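Every number in this text was worked out from the coordinates using simple rules, so none of it is lab data. Everything numeric in this text was worked out from a predicted model, so none of it was measured. Note that we place each Cβ from the backbone using ideal geometry, even for glycine, and neighbour counts take in every protein chain shown.
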Amino acid sequence: MLSKKQLRNDVDAVAKALQKRNFSFDIKALSALENSRKKNQVKTQELQNLRNTQSKSIGKAKAAGEDIKPLLASVADLGDELDAAKSELQSIQVQIDDIALSMPNIPHDSVPAGNSEDDNVEVSKWGEPGQYDFEVKDHVDLGEMHGLDFETAAKISGARFSVMTGKIARLHRALTQFMLDQHSEINGYTEAYVPYLVNSESLTGTGQLPKFEADLFKTHLHGEEGDAKTLYLIPTGEVPITNMMRDTLVNEKELPLKFVGHTPSFRSEAGAYGRDTRGLIRQHQFEKVELVQVVKAQDSYQTLEQLTGHAEGILQALELPYRKVNLCAGDLGFSAAKTYDLEVWLPGQSAYREISSCSCFEDFQARRLQLRYKNKETNKPELLHTLNGSGLAVGRTLVAVLENHQQADGSIKIPSVLQSYMGGLEFITQ
RNA sequence: GGAGGGAUGGCAGAGCGGCUGAAUGCACUGGUCUUGAAAACCAGCAAGGACUAAUAUCCUUCCAGGGUUCAAAUCCCUGUCCCUCCA
């Protein structure tokens, strides 16, 4: 959420900044609401003040043994008037909140202009796409040789699910373990295990709600929809991990906070009919190792580079060619101020595909989360900045390992950093 | 499944209709003392909001939502979460 103060005092600047990401809103309507909010708030507060002072004088008069009847008569109508003013003010404030909650974050200055992923800017490249003296297979053909099974998954659940058995299941697990170890032992993150079902407050905190409910799987613990017991399957580990710190005033000495967690992610893919229907690229359920950092405002962009570097470290260790892309304003996620996508080379598609998305949210999430620390100099609480990134998406990493390290006979060479996680195995063969 | 107890500032914890935005301790900030530090002592220290050039002033907030009252942290109802005991 953007700051209400900013919306109040600088609507035009906000509107202009959001134009960069093709978001527009009714400035006039907002200003009109703002004006009536002001009027009603002042009026309500005056009435409250009146009631408070009257009540106090009644208390004093009573204590002094005076007759309070005339005083009571003078406040007789105050209650109704106050109630009316309050409910009017509340309805205005709800409307303003709805607008504020639906507005995306303002892109950072270094975010390139553009409307779609075609306008994203390549920042750097690592490694060279491999040369193969045989016809390469894609991960579906390779995977089916080694235990990747979409048909069985379809029987159990439907489209966009997968089953893995045998060595490929172990490779999938090995990737997860390796990533967790690298981030916790070398990169200094604290490992976290978190719930996979979360309440709506958590999703509001990180920005998935109220706008993107259609992307989520929703459960009703018992009873019908509308029940208080609605929980959502997490669309990313970012949600529970970041929300661990919701409503906290962090001790400055503990900063930066760094957490890594392995969770499944569940996405309805409501807007992706017909896209990536083949293989593991776009699934309703996939594993991800997520990095989250909470830092002071002045450190956040430096931290974005660092965190992206941590994700890159995994790709490099796995010997997977990739490129780093600065997302253009039009392609930026709702809550992000700046995002680097890491795109891994997939020989089966002859294309770079997203495998990690590393974002700085500035104080956009922190404001919704009420995540702050006490600034020593001002002695005032200040919003922190949140960041996260996939380090990495495990399913897509598996795809990349299969495709990049395939051999002529369809066997898979296991990157050396993974071999100890695979019981010393060097190749996966049939 | 049944019976109780609880949720208060960064943390711990008192308060149980008007004198309470809230005792006390810890933490934190500043100071005295000290070569320096610790200890001790002194002082300060909740958040959010309105209005304002700023100060001043005012409003809201003691788990959440309703209710009673001129007045609610305090009384009543509902919900959530925690704890204890019984089966």
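Here are the numbers for the structure shown:
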| item | result |
| --- | --- |
| Prolate/oblate/rounded label for the range A:144-283 (Cα gyration tensor, a/c 1.5) | oblate |
| Stretchable slack from A:Ser420 to A:Val11, in nm (0.36 nm times residue separation minus alpha-carbon distance) | 141.6 nm |
| Evaluated at q = 0.30 Å⁻¹: base-10 log I(q)/I(0), Debye formula over Cα of the range A:343-388 | -0.98 |
| Separation of the A:Val121 and A:Glu88 label points, Cα + 7 Å toward Cβ, nm | 5.0 nm |
| Cβ crowding within 10 Å averaged over residues, with A:295-301, A:49-55 ranked highest first | A:295-301, A:49-55 |
| Dipole magnitude of chain A, debye to nearest 20 (Cβ charges: Lys/Arg +1, Asp/Glu -1, about Cα centre) | 1480 debye |
| Gain on full stretching of the segment that runs from A:Glu201 to A:His220 - 0.36 nm per residue minus C-alpha separation | 5.3 nm |
| Ranked list, fewest to most other Cβ atoms within 10 Å of each Cβ, for A:Leu425, A:Leu142, A:Leu72 | A:Leu72, A:Leu425, A:Leu142 |
| Filtered chymotrypsin sites (Phe, Trp or Tyr not before Pro), the range A:93-137: DSSP coil and at most 11 other beta carbons within 10 Å | A:Phe134 |
| Nearest-ten-degree value, helix A:167-181 long axis tilted from longest Cα axis of chain A | 50 degrees |
| Simple label model, 7 Å out from Cα along Cβ direction - A:Lys413 to A:Asn22, nm | 4.2 nm |
| Low-density loop positions, chymotrypsin sites (Phe, Trp or Tyr not before Pro), the range A:166-218 - DSSP coil, at most 13 other Cβ in 10 Å | A:Tyr193 |
| Rounded, prolate or oblate (a/c below 1.5 giving rounded, otherwise prolate when a/b exceeds b/c) for the range A:1-145 by Cα gyration tensor | prolate |
| Of A:Lys4/A:Lys43; A:Lys86/A:Lys218; A:Lys5/A:Lys218; A:Lys258/A:Lys380; A:Lys125/A:Lys296; A:Lys20/A:Lys288, those spanning more than 25 Å from alpha-carbon to alpha-carbon | A:Lys86/A:Lys218; A:Lys5/A:Lys218; A:Lys125/A:Lys296; A:Lys20/A:Lys288 |
| Spacing of the two label points (7 Å from each Cα toward its C-beta) at A:Glu377 and A:Lys69, in nm | 6.4 nm |
| Residues A:Met103, A:Met179, A:Met244, sorted so that the one with the fewest Cβ neighbours within 10 Å comes first | A:Met244, A:Met103, A:Met179 |
| Cβ-derived FRET efficiency at R0 30 Å, A:Thr277 paired with A:Glu128, nearest 0.05 | 0.50 |
| Fewest-first ranking of A:Val94, A:Val250, A:Val292, using other Cβ atoms within 10 Å as the exposure measure | A:Val94, A:Val250, A:Val292 |
| Tilt relative to chain A, helix A:394-404 - C-alpha long axis, 0 to 90 degrees, to 10 | 30 degrees |
| Dipole magnitude of the range A:4-101 about its Cα centre (Cβ charges: Lys, Arg +1; Asp, Glu -1), debye to nearest 20 | 460 debye |
| Theoretical FRET efficiency, 1/(1+(r/R0)^6), r = Cβ-Cβ of A:Asp109 and A:Glu252, R0 22 Å, to 0.05 | 0.20 |
| Folded to 0 to 90 degrees: helix A:300-317 orientation relative to chain A principal axis, Cα | 20 degrees |
| Share, in percent, of DSSP beta bridges within the range A:158-275 that are antiparallel, nearest 5 | 60 percent |
| Length released on extending from A:Ile156 to A:Arg51, taking residue separation times 0.36 nm less the Cα-Cα span | 31.4 nm |
| Quarter of the Cα convex hull surface for chain A, i.e. its orientation-mean projected area (nm²) | 27.2 nm² |
| Calculated FRET efficiency for the pair A:Lys229/A:Lys38, C-beta based, R₀ 41 Å, to 0.05 | 0.60 |
| Leading residue at positive end of dipole, chain A (Cβ point charges), from A:Val121, A:Ser300, A:Leu2 | A:Leu2 |
| Rh by Kirkwood over Cα pairs, then Stokes-Einstein D for the range A:303-358 at 0.692 mPa s and 37 °C, µm²/s | 278 µm²/s |
